[in-house]
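Take a look at the structure below.
The values are calculated or read from the model by the stated rules, or taken from the named source; none is laboratory data. What you see is a predicted model; the values in this text were computed from it and never measured. Note: ideal-geometry Cβ built from the backbone for every residue, glycine included; neighbour counts use all protein chains shown. When the accessible area is computed, the model is the full protein with side chains, heavy atoms only, and any ligands, DNA or RNA have been set aside. Shrake-Rupley method; radii C 1.70, N 1.55, O 1.52, S 1.80 Å.
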Amino acid sequence: MKKFYDRYWEHEEELEDFSYKWPAIAPFIPKEKEVKLLDFGCGKGKILSEMLGLNPTLKVCGVDISKKAISVVKKRFPNGTFYTVVEEGKLPFKTNAFDFITALDVLEHVYDTEHVFSELARVLAPGGRILITVPYYGILKNLIISLVAFDFVYDPRSPHIRFYTKKSLMRELKRAELVPLKLGF
């Protein structure tokens, strides 16, 4: 898996859907000072850069499975803390370490989502919040995919290995004892 994402980030410069997703995400970024933020699956830091543009006082940490991505993000944000993590490993942070966690379009790339949700819940401080985005796969979208884009969406070379519906995402959140404040846009 690490090799796959090292190859992915070697060529991936921009997030292709960033221009339409960022306006939906931006209102949820904390405005308070000195918020301890973890970006789970930070990549090369494009979203971190935008978050810091909204709140330059954020205390940022990031993790990613790709060493290449982490080497880039460390150079972009020398005041942040960034780690390469191993799948199914424990996150390198103390319990209750973060006020705010982002997991933006990353969970669909993870094999052991139960472990990841458990670790995110562990490092989230009491009263903290997690912002999660995943591609939506509801009935209507799946019908359209099956009719016109099945081979494209379910390409075996695609990095997506999980496909969430509202119900399946809610089930995973409940198992990790995370309570959604809002679901959808």
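So here's what we get for this one:
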| quantity | calculated |
| --- | --- |
| Residues that are among the aromatic types (Phe, Trp, Tyr) and assigned to a loop (DSSP other than H, G, I, E, B), drawn from region 33-70 | none |
| In region 41-70, the residues that are touching a helix residue (DSSP H, G or I) at 6+ places or on another chain (Cβ under 7 Å), open to solvent by less than 80 Å² (accessible area, probe 1.4 Å) and either basic (Lys, Arg) or free of Cβ contacts under 8 Å to residues at least 12 places away in the same chain (or both) | LYS44, LYS46 |
| Entirely in region 71-185, the strands (runs of 3 or more DSSP E) that have 2 or more residues that are modelled with pLDDT of 90 or more and open to solvent by 20 Å² or more (accessible area, probe 1.4 Å) | 81-84, 124-133 |
